[in-house]
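Working notes, beginning with the structure itself.
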Amino acid sequence: MEPINIPRVSTVGKPYKHSMHKSTQGTKKRKIWKWIFISLLAFFLIGCTWAMIWINRNVYQKLPDLSELKNISFSQSTIITDRNGVELYRLFDENREYVPYEKINKHMIDGIVAVEDQRYWEHNGLDTVGIFRAAINNVLHPGKLQGASTIPQQFIKNLLLSSEKKIERKLKEMILTKRLDAVITDEIKKGRHLSDKEVFQKKKEKILELYLNYIPFGNNAFGVEAAAKTYFAKSAKDLNILESAILSAIPKSATIYNPYGNKSKLMGTLHIKDINEKDHYENANIRKAVLKKIKSIVENSDFSDYDTPNSFIKYVEGLLNFSFTHDNIHYTISYKNGRKDIALGSMFQEKYITEKELKKAFYDSLDFTFKKAGFSIKAPHFVMMIKNQLKEKFTTEEIQGGGLVVRTSLDYETQKLAEQAISASKDKIVGHGGNNEAMLYLDSQNGDILAYVGSMDYFDESIQGQNDMIQAKRQVGSTLKPFIYALGLENLPIGLETPIYDIPFKIGGLRPNNADNRFMGVLPLRKALPYSRNIPAIKMFFAVGGEQKFKPFLHALGIKNIKNNIDYGYSMVLGAAEISMWELGTAYSHLSNAKPAKLNAILDIKKKDGSIIYQKKEERKKNPISLGARYLIWNILSNFSNMPPSWAGAFTVRNLTLAVKSGTSDVKTSKGNRPRDGWLVSYTPSKVAIFWAGNTNGKPLYRSGYGGTMNGAAMRKFRSSLVSSNRIKTQGISQIEVKTDNISKISGKTVGQTTPSEFITSSLAYSKSPVNTVDPGMTRIQYDDSCNGAVSPFSSPAHIKDGYLLTPTTFMPNAMDIEDIKRRRNWSTKKEEIPKAYTGRVKFNYENIFIEPLKETCTTIQVETDPAIKITISNIANKQKISQNSQVIFNVQASNPIRSISFLIDDEVVNTYQYYGKETTTAGVKDIDLTRYAAGEHVFSVFVVDAQQKSNKQSLKVFLTEKDGTPPHINKEKIIISSDTERGYNVTLLLQDDLSGVQGGTIKQNGKVIHTFKNVIATFFVKELGVITITAKDTYGNVLNETLDLSKYH
């Protein structure tokens, strides 16, 4: 196919057509530009529309609501304090303590404004000048981007937005900043008539308050108050210029300018290098000399021309670049700036500080030391206990971020005394095989916990120090014994002097024992408790009704860990059940105070706005211990003469009366029982202190590890410190609901007619205790102590002792220990051989008391009967009736000196009288006590032995009667009157009693006593014979009162 040729058309010589062409071309150009403009406009409108859609979707729709900003709540630390406001610990997610604007030092306000937002007091949230300046800088210097965020923008970013560098985040920040400004303005205006200027000022202050309370300052310090306390140990209101500059420098990057991790970045670095480039800044002497030189340089320098941060920095870096000689050694001094220098320079630039203040702050910064980082904890176990209690009232968020102030009952000064006492006893604890000690000190009047030491060292992992031994459940040993005695004093007819037998005791198939494997015999109750004897406590346990009575009693005292479904047996009273020190303290508060308060360690809780949301109300508990029993236990335990002397010395606190009870729990080992937990309780009428010592893991102690031994030193040191610091004074418990009974030391029963006077004692008892029975009494006897046998006429006078015969009694139900008492009595009087297992272990007191009549004598000497020994019994005839309290009138004549005269009933010696002279004749009147012999027919004998071991006996059959109701009489046939011609008359009267004996009487004449006589014979003198009155009394109290005319018998 051939190509098509298009002929060219020439335009030469055709000007008109050429003009038309140019005109057409211009029109086309205009159309093109119009099209471009319309296209651009379309693109712009589309872009704006798209931008609006994008902004609406990605910015406006995702903006948080600031309408509730007035209710904004930052996470704040919960602070736990002692009763006086001493901070113990902080609980937090963010360590923050909100403070109002007025409590932030002005230097801090000036510093943060100078560093972060110089035009803060001028703009309304967005700094348009700063934005424009930053935009120009970023265009001219794209590698050095500059921001223009104001303080309100930074607050919004930190509070509500992320830190990502995206345009939508920046737009949100700017929009929210304006909204923040508006919301705060509206809130300030509400209800108040303020000028625009006043509104502006208060708005700026509020935003600064929010900002400074919110921003992080590193090391878990959120907000200016927490930062000031963390780095400087002071409040924000007390910050100085340098401290304010330091804190103002940190928010740019709390990591880079970390005061602990990157101190040089924040504070700058001063180098003191020798010729070998070794830095000597840490040498205190050299550093001191250099700083002195620098101070002189700085003070004599002019900083006035260096009023921008950069110029200030460059100036001081040049200024502190010099050579220095110290002790003939040359050093090169140089300084590398830190961010705090920028802050100081900015404050100077903005004229917030003077040149003099700048110089001082800068110089002080060269040797500045921050406070130790971290959050101290005082009374750590107590704090953790409080934290657990708070969990019962509040959520975790409320506790760790709610800004609560929890004021507790702890007294930190007392706590320190307790900690010192525990720490000082460490060597003693270790010396007894332990590694830990704890104590609780409480006020029983109001339930306050005043000191709480859960272990010897909370931070010592080797002793498991974080274990709280106050809350740990352990066996408490003998510390429960006072409560069984209190129960016994209320429910049994017993008192402080009631005798309790600490002797081998069998119950069922078991034989309980004492901790020392010994038995102390008969003890009064007031000693059995402080001596901490197990056997008496076990007997008291059974006497009051065992577990059925003791368990509910302990529950009422606050010991809840004693379980109803566990059968503890008598070991319960020995502390076999595991309970906590807290429970034990609760129980002892009932002994300490008549109306104890429930233990509660929190006094009040305040919200961060200061409003009180909880305030302690004392909860008084009903005391199951009567006032009388409480006093009696106090009387026992506070009187140290009741306890072993060595214990009394270990527990005595000068100028303080206190009750003390120790306790020790045992554990079985391959080498026998060993102590495991040592306890010591001391209390006054208002305060209770409990100490525990042992091994946290329950490992046995050495055999010497008793509760009093291990804890005595700590208790004394603590109590003495309380006294010397006037934190405690001696108090007493009133003697209420108490009576005094006269009882027998042997039976514990109320004194009866036959109770020997030497065994009568006055005993305090509970006034409402059951009525005691009357003592059955004792019969006085003599015994030969060479074998504790019957006295024979041949017993050595040195071995003849007075003794008693009694019928044993007990306060135990069903007389369950009476056979043990009889057995022990027979051991003490050698009537039975002591089992080898108890040899040397049983103490015998009152060895002269017998429970069976003595039959066997100690001698078997054969004597010869000598009829030459003549015995006459004047007042008793054969087959005569005599009473059980009678009298013998006798006369003895012998060839050899008389050595002994004995009275016998049925050949059993009643009394023996020894003679040591050369007399071969004797006569006398002797009383005889036959009350131990039954009424009826007996053989009465008088047995006489002379110096040649010859004897004779005169025996009569008598009929013994129990009573004598007739008075004595005068034997008128034997009245003897002899005249004394110079003076008057001598008169002898013989008085007789047919059944008993004459004790004595008086002779009166003319209404006046002229003679007093004993026994049966009255010999007296009268001037003239006339009427006399004779009064005489027999052994039963029957009285003769007879008038006699002597003139009729002369």
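Put in order of Cβ neighbour count within 10 Å, fewest first, the listed residues Ser955, Ser611 become Ser611, Ser955. Applied to the stretch 82-88, the Karplus parametrisation 6.51 cos²θ - 1.76 cosθ + 1.60 on θ = phi - 60° returns per-residue 3J(HN,Hα) values of 7, 5, 9, x, 5, 5, 9 Hz, with x for Gly and Pro. Annotation: average projected area of the stretch 494-630 is 10.9 square nanometres, based on the convex hull of Cα atoms across all directions. Projecting the Cα positions of Tyr363, Ala438, Thr395 onto the charge dipole of the chain (unit charges on Cβ atoms of Lys, Arg, Asp and Glu, taken about the Cα centre) puts Tyr363 furthest along the positive direction.
Each Cα pair under 8 Å and six or more residues apart adds its separation to the average, and for the stretch 969-1049 the resulting relative contact order is 27 percent. Once the convex hull of all Cα atoms in the stretch 969-1049 is built, its volume per residue stands at 78 Å³.
Taking amide H atoms as placed 1.01 Å from N in the peptide plane, the amide H of Leu854 has no partner under 5 Å among residues 5 or more positions away or on other chains.
Which of the peptides 984-991, 573-580 is most tightly packed, and how do the rest follow, judged by the mean count of other Cβ atoms within 10 Å per residue? Could the numbers behind the result be given before it?
On the way: 984-991: 18.6, 573-580: 22.0.
Peptide ranking by packing, descending: 573-580, 984-991.
Each of the peptides 730-741, 689-700, 221-232 was scored by the mean count of other Cβ atoms within 10 Å over its residues; in descending order, highest first, they stand as 221-232, 689-700, 730-741. The residues Arg83, Arg703, Arg30, when put in order of fewest to most other Cβ atoms within 10 Å, stand as Arg30, Arg703, Arg83.
Highest first, please rank the peptides 798-806, 883-891 by the mean number of other Cβ atoms sitting within 10 Å of their residues.
On the way: 798-806: 17.1, 883-891: 21.1.
Highest mean packing first, the order is 883-891, 798-806.
Think of each Lys and Arg Cβ as +1 and each Asp and Glu Cβ as -1; about the Cα centre, that makes the dipole of the chain roughly 5400 debye. With all pairs of different C-alpha atoms in the average, the Kirkwood value for the hydrodynamic radius of the stretch 894-1050 is 18.0 Å. A convex hull fitted around the alpha carbon atoms of the chain yields 430 Å³ per residue. Here's how it looks for His1011: its modeled amide H is under 5 Å from those of Ile1003, which are all 5 or more places away or on a different chain. Rounded to the nearest whole Hz, the Karplus-based 3J(HN,Hα) values (6.51 cos²θ - 1.76 cosθ + 1.60, θ = phi - 60°) of the stretch 284-289 follow the sequence 4, 5, 5, 4, 4, 5, with x at glycine and proline.
Which value, in Å to one decimal place, does the Kirkwood hydrodynamic radius take for the stretch 778-849 when every pair of different Cα atoms is included?
Numbers: mean 1/r = 0.0739 Å⁻¹.
Evaluated over the stretch 778-849, this radius sits at 13.5 Å.
Relative to the dominant Cα principal axis of the chain, helix 481-491 is inclined by about 50°. Compute the long axis of helix 355-365 from its Cα atoms, compare it with the longest principal axis of the Cα atoms of the chain, and write down the angle in degrees, 0 to 90, nearest 10. Roughly 60 degrees between the two axes.
Each residue of the stretch 825-834 is assigned a 3J(HN,Hα), and the resulting list reads 4, 5, 5, 5, 9, 6, 7, 10, 6, 6 Hz, derived from the Karplus form 6.51 cos²θ - 1.76 cosθ + 1.60 (θ = phi - 60°), x at Gly and Pro.
Centroid-to-centroid, using Cα positions, the stretch 713-779 and the stretch 983-1008 are 47 Å apart. Nearest 10 degrees, 0 to 90: what angle lies between the long axis of helix 128-140 and the longest principal axis of the chain (Cα atoms)? Roughly 60 degrees, rounded to the nearest 10. Annotation: the residues Glu187, Glu819, sorted from fewest to most other C-beta atoms within 10 Å of their own C-beta, follow the order Glu819, Glu187.
Mean residue ellipticity, 222 nm, helices only, the chain: the sum of -39500 (n - 2.57) across DSSP H runs of n ≥ 4, divided by residue count and rounded to 500, is -9500 deg cm²/dmol.
Could I get the Rg over Rh figure for the stretch 269-365? Both from C-alpha atoms, Rh via Kirkwood, rounded to two places. The partial results should precede the final answer.
Working: Rg = 13.9 Å, Rh = 13.9 Å.
Computed over Cα atoms, the ratio is 1.00.
For the stretch 588-746, just say rounded, prolate or oblate: build the C-alpha gyration tensor, square-root its eigenvalues into a ≥ b ≥ c, call rounded for a/c under 1.5, and beyond that prolate if a/b exceeds b/c, oblate if not.
Numbers: a/c = 1.82, a/b = 1.19, b/c = 1.53.
Oblate.
Annotation: amide H-H contacts under 5 Å for Gly803 (H modelled 1.01 Å from N, sequence separation of 5 or more, or interchain): Ile781, Gln782, Tyr783.
Taken together, the values in this text are just the output of simple stated rules run on the coordinates, not laboratory data. Here the structure is a predicted model, which is why all the values come from computation and not from measurement. We place every Cβ from the backbone using ideal geometry, glycine too, and count neighbours over all the protein chains shown.
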